[in-house]
Each structure stands twice: as structure tokens, then as C-alpha cells.
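The values are calculated or read from the model by the stated rules, or taken from the named source; none is laboratory data. Please read these numbers as outputs of a predicted model, since none were measured by experiment. FYI the Cβ positions are ideal-geometry reconstructions off the backbone, even for glycines, and counts take in every protein chain you see. Heads up: the accessible areas ignore ligands, DNA and RNA and are worked out on the full protein's heavy atoms, side chains in. Shrake-Rupley method; radii C 1.70, N 1.55, O 1.52, S 1.80 Å.
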Amino acid sequence: MKASKMLIATLKETPNEAVISSHVLLLRAGFIRKLVAGVYNYLPLGLRTLHKIENIIREEMDKAGCLEILSSAVQPKELWQESGRWSKYGPELFRFKDRHDRDFCLGPTHEEIFTDLVRNEVKSKKNLPMNIYQIQTKYRDEFRPRFGLMRSREFIMKDAYSFDTSFEGLDKSYQNMYKAYCSIFDRFGLNYKIVLADTGAIGGTGSHQFMALSDVGESDIIYCQCGYAADQEKAESRVDEYHFNDEMLPIEEVLTPNQKSIEEVSTFLGLNAKDVCKSMVYRDFVNNRLVLVMVRGDRDVNVIKVVNALNIAEHEIALSSSEDIISLGSVEGFVGPVGLKEDVLILVDEEVAKMKNIVVGANKANYHLKNVNFGRDFIGTVGQFRNTVQGDICPICGRPLEMERGIEVGQIFKLGTKYSLPMGCTYQDDDGSVKEMVMGCYGIGVTRTMSSIIEQNHDEFGIIWPINVAPYHVVIVPISMKDEMQVKVANEMHDKFVSLGIEVVLDDRDERPGFKFKDWELIGIPYIITIGKKVNEGICEFKTRSTLIKEEKTFDEAINTINELVKKL
């Protein structure tokens, strides 16, 4: 490929919209361009890399025995009603009507479509187990798209669905995909962790996320040296035995004028923040009730654990209004569990339930209660409703937990019969009985993976692509397009690479050498061969993008080096 015939849309300046490195570099290197918020066009260089990422995923899925299909992004409401998700999924679902006033959505995921396909096409036990997948564009109406391809409204995803005759079969399919995902992310060279995860809107009985480690990741990963790892939504920890064995003291009302926050109250009373209980009030829209969640003062409420306890979706709960708090018979900033109206549901974190003599709001302005005790002064449903953080105690081995940030690049789910049961996806067993298929679901964010690779592979000059996903393997840069020998050798080397099946660019643009080098370092081509003043000696400069090390090589040495590297892909 000749650079003069390419669309090289590099930018000198960082666009105002870009914050994280991958977004900055994808824009500056001319890989993507924003159409509207959260929606991007992929330019030629970006599309080449995207296709390479897809092909690696495709190769490993095929190797794992999966079958590729392509389904429509347009999905009818009726299928989502069958699964019960039409009203449950939330505002992220793009909904629309056709000219006949029939309801549809743009698929954010495809459980219903694949289940419908299999129930119509597969009836015999002989066809199972089966795993089918696709690589396709998905749509989610994100409230706040950000970070480029990390959280967008339109994105490319590989989603696969396994169908088995038993839960034992599902376990095997799940492990098969677990191994395939490890192979995929290993081939990308990603530094990743596998963590236990919440199943969210997809549902099911178990899930793991594959998290690319990055400071700009949107998820906190909690892990231990013993091997325990989970995202913060799912992570658990042992109870901190703080003031568990104290003797209960008589309850006491204390004046705390204008002291509302945990920090203000604990400082005013001369206590530790752990001695004060945080009481958060939420509205459960599904059951039309208020829910009081209690955690220790130095803790934060884990909303996912709360909605799981309530068996509702995350979008079906919100922090209460001032009017809600008044309706409880309380005062904003001084809410507590003692003496509230009986129709409020109280969820009590296990640490609070075991503590003695805690401080809570008195449900009247400027007052708190001291020496409040669970069981004696109030009751509620006990569970783990707190966020697990670094330094908490591992639930498995008792060591302190560690925490890093990560980007979710893949997630696998054990769906069981969540979709096959309501949608009637069944098979006939050997005895003639009809049974539900047991399903699994497996997703990889293709465009998000592209960003994650950049987050882990860049420097001050630009992107550093691994050779197996780089848009081209090598670029040849003649120092002067007016030097006939340099141009001749550059063209001969270009043609030789092409004959070997190596993806090569010859930069024949009439630009200064420094301008060209900056472009290719920004774009991230793994190897740059410079044809310059030693051309008559048969010598070129060979530069490795990842190390910026320059070496002198003969033309044949340079060609053979690239050829050997590409052969290993």
C-alpha cells in the first residue's frame, strides 16, 4: 500500500472531547471520528485493526467448536415480553415503532433472539450441546457516553450462547468458553484478571468478568493472593469485629445541632466514624415502598447488593426525595431506624447488626441517638450491603484484600433456564419427555478491547500496537522521494514484502521525514524501515516501535526479520 493513496487522518492537537489515552490516540491517529455522542465512524486504519481483533476472536471461538451466525439488530417486542425483559431492561434499551405501530428495539444483547432461533430449529437431543455466536453491532442508550469506545451507544460485540441438556453440561460449556477467553486475551497480550461478577440485567446463576487492568477502568477489582477475585459489585469480605462484645448501654438522645454528615457527627461527639451508622433511604419503584439501608459510618452502600436482595433491577431503585423522608416521620440528615413508620423495609449490613452501642439519627432535627442496638431497639433484614474495599479481610483465607481498577473486556454467564423456561426452548429426551435446554451466555466487547489494548500499549509518541492487531506490520520511509536510488530500493522492498504476504506501507508522500516519522509513531506501526544515506551500501535503519531502538540492517536482513515475526502470528 502506498501512503499517497491512503486516508491518513492524523491530528496534531488533542480534541477537547477526549480524556483518556485510548480515546485521545484513536482520534489523533485517525482510527475513528465522532458522529454524535457515543457513536463513531471507523476510518480505514481503525477498521483494519478492528477486523484483526475480530478474526482472532473468531479463530478461538471456531477452535472451541462454536458455530458463527449473524442475526438482526432489530428485535421484536414480543420476544422480550416472553422473557420478561421488555419492561425490566431499563432506559438503555433503544425502542421504536415501525409504520404499522409495532414495537421493536435495537439489540443491546441477543439472548431472546438466539433462544427463539434454537427453539425453532433444534428439537432433538442429538444436536446438543451447541454453542452459536456472532460478531455484531449492539446498541445501548447510555445516559452519559464517555471515554470514546469504552462506553458508547453503538459498539461491536461478540456474543455466544450455549445450549445443553443439563447443568453438568453447562458447566463443561462454561469452562470451554473460560479457556477460550483466556486464549483470546492472551493473544492480545493483555494484562488481565478474571473475577467473580454480578449477573446484572442478563441474569443467571453465576458469572465471571475478564478485566484488563488499567487506571482508567470503570470497575474496581477486589482480589487476594489466595486467588479470590471479584468486581466490587460482587466482592465480599469478612466482618470487621468492631465493638462486637461491648455491653449494651441504655439508649440516649443527644443534641447535635446542624451536624448531619458522618464526619460532622463523629467529630462533634468525639467518636470514630465507625461508631456512627449511615442510614440511606431508597425508593423501590417496583414494590412502591421505601427502603432504609444501614451500613457502618466509614462504609458505602453497595446498591447492586441492595437490588439483588430486593429482586429488582438497578434502574428500579433511586435515592429517596425529601418528601419521602418526611413521609417516614423523619428529617433529612437525621434519619435513623428507631421509631420509623412500620411500612419501611430496613436492610441492615451484618457489621451493623453485630455492633453494640451505635449512633444513629433520631428522626428529629438536630438530634441523634447513642447506644442503639440491633435486636433491642430496631430490627431488619441482615445481609452484606456494604462495598468491599482494599484492606478488608478476604472471605476465603483471611488475608487483607487488594484493589485495582480494570476495564471489562469480556463476561461469561451461567443462564440456566432463565430464558429457555419462559420461552419454551426445549428438547425431547430419550424417554420422550420434553425438557428445557440449559443455557450459557458469553460476551466480548470488541471495540472496548481495541481501546483496552491501547490503554496498556502506548507512550508519549502514540500507540504501540502488538504486531497481530496492528493495521500494518511495517512501514518503509524513504528520506527523500527525489533520490532515485532510495525510491527504487523502497519500491523493491515494498514489492518483496507484498509477495511474502506481509502488510506493508510505503510512505511516498511529499512530506518532511520528521513529519512522516511522527505519523507512524502516532499510528503505532510495529516496525519502521528508513531508506536513507546508506542506501548505496545496501543498509537501512530498522526501528522497533515498542522500544524505539534503531539498528542498521542490510535490506535482506530487514526483510527476513519482519518475515520471521509475521510467520509466528
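On a 1.4 Å probe surface of the protein chains, which of Asp431, Asp519 comes out largest in accessible area, and what is the full order? Present the calculation step by step, with values, prior to reporting the outcome.
Details: Asp431 115, Asp519 10 Å².
From most accessible down to least: Asp431, Asp519.
Taken over region 74-212, lysine pairs spaced eight or more positions apart, or on distinct chains, with alpha carbons under 22 Å apart number 15. Among beta bridges from DSSP that stay inside the chain, the antiparallel ones total about 80%.
Take every Cα pair under 8 Å whose residues are at least 6 apart in sequence, average their separation, divide by the length of region 402-510, and the relative contact order is 19 percent. The angle separating the long axis of helix 111-121 from the principal Cα axis of greatest extent in the chain is about 70 degrees.
Separation of region 101-129 from region 524-543 is 54 Å, based on Cα centroids.
How long are the three semi-axes of the equivalent ellipsoid of region 521-566, in whole Å, if each is the root of 5 times an eigenvalue of the C-alpha gyration tensor, listed from largest down? Can you show the working numbers first?
Numbers: eigenvalues 66, 35, 12 Å².
The three semi-axes for region 521-566 are 18, 13, 8 Å.
Shown here for region 385-464: GluC sites (Glu not before Pro) in loop regions (DSSP other than H, G, I, E, B) with at most 13 other Cβ atoms within 10 Å, namely Glu460. Taking all protein chains as shown and a probe of 1.4 angstrom, Glu154 keeps an accessible surface of around 50 Å².
Pairs of alpha-carbon atoms within less than 8 angstrom and 6+ residues apart define the contacts here; what relative contact order does the chain have, in percent?
Details: 1178 pairs, mean separation 95.2, N = 569.
Result for the chain is 17 percent.
Taking all protein chains together and a 1.4 Å probe, the residues Ser219, Ser72 rank Ser72, Ser219 from largest to smallest accessible area. In this Cβ point-charge picture (+1 for Lys and Arg, -1 for Asp and Glu), region 416-475 has a dipole of about 140 debye about its Cα centre. For the chain, the mean residue ellipticity at 222 nm estimated from helices alone is -8000 deg cm²/dmol, where every DSSP H run of n ≥ 4 contributes -39500 (n - 2.57) and the total is divided by all residues, rounded to the nearest 500. Sequence-ordered 3J(HN,Hα) estimates for region 208-215 from the Karplus curve with 6.51, -1.76 and 1.60 and θ = phi - 60° stand at 10, 10, 9, 10, 7, 5, 6, 5 Hz, glycine and proline given as x. Rounded to the nearest 20 debye, the dipole size of region 113-236 about its Cα centre is 460 debye, using +1 on the Cβ of Lys and Arg and -1 on the Cβ of Asp and Glu. To the nearest 10, the accessible area of Asp508 is 40 Å² with a 1.4 Å probe.
Counting other Cβ atoms within 10 Å, keep those with at most 15, restrict to DSSP loop, and tell me which GluC sites (Glu not before Pro) in region 158-267 are left. Provide the component values of the computation, followed by the final result.
Values: sites: Glu168, Glu218, Glu233, Glu236, Glu241, Glu247, Glu252, Glu253, Glu263, Glu264; in loops: Glu218, Glu233, Glu236, Glu241, Glu247.
Sparse-neighbourhood loop GluC sites (Glu not before Pro): Glu218, Glu241, Glu247.
Farthest towards the positive end of the charge dipole of the chain, among the residues Tyr174, Phe143, Met481, is the Cα of Met481, using unit charges on the Cβ of Lys, Arg, Asp and Glu. Couplings 3J(HN,Hα) of region 495-500, computed from phi: 5, 5, 4, 4, 5, 8 Hz, in residue order, whole Hz [Karplus 6.51 cos²θ - 1.76 cosθ + 1.60, θ = phi - 60°; x for Gly and Pro].
Only four residue types carry charge here, +1 at the Cβ of Lys and Arg and -1 at the Cβ of Asp and Glu. Report the dipole size of the chain about the Cα centre in Debye, rounded to the nearest 20.
Values: 70 positive and 84 negative charges, 245 e Å.
Result for the chain is approximately 1180 debye, rounded to the nearest 20.
Of the residues His23, His208, His51, His100, ranked by 1.4 Å probe accessible area with the largest first, the sequence reads His100, His51, His208, His23.
Projected over all directions and averaged, the alpha-carbon convex hull of the chain occupies 33.3 nm². When the Cα convex hull of region 110-213 is projected onto planes of every orientation, the mean area is 8.0 nm². Along the axis of the charge dipole computed for region 1-155 (Cβ charges of +1 for Lys and Arg, -1 for Asp and Glu, origin at the Cα centre), the listed residues Gly38, Phe114, Ala9 are led at the positive end by Ala9. Among the cysteines of the chain, Cys66, Cys105, Cys182, Cys277, Cys425, Cys441, Cys540 have no other cysteine beta carbon within less than 4.7 Å of their own. With contacts taken as Cα pairs under 8 Å at a separation of at least 6 residues, region 462-542 carries a relative contact order of 45 percent. Would you be so kind as to identify which of Tyr367, Leu319, Trp86 lies farthest towards the positive end of the dipole of the chain, taking Lys and Arg as +1 and Asp and Glu as -1 on Cβ and the Cα centre as origin? Farthest along the dipole direction, towards plus: Trp86. Looking at region 266-357, the DSSP beta bridges with both ends there are about 75 percent antiparallel. Across region 328-341, rounded Karplus estimates of 3J(HN,Hα) from the backbone phi angles (6.51 cos²θ - 1.76 cosθ + 1.60, θ = phi - 60°) give 7, x, 10, 9, 4, x, 9, 6, x, x, 8, x, 6, 4 Hz, Gly and Pro being marked x.
Pick out, in residue order, every one of the chymotrypsin sites (Phe, Trp or Tyr not before Pro) in region 143-183 that is DSSP loop and has at most 15 other C-beta atoms within 10 Å; say none if there are none. Spell out each step's value before the answer.
Details: sites: Phe143, Phe147, Phe155, Tyr161, Phe163, Phe167, Tyr174, Tyr178, Tyr181; in loops: Phe143, Phe147.
Here the sparse-neighbourhood loop sites are Phe143.
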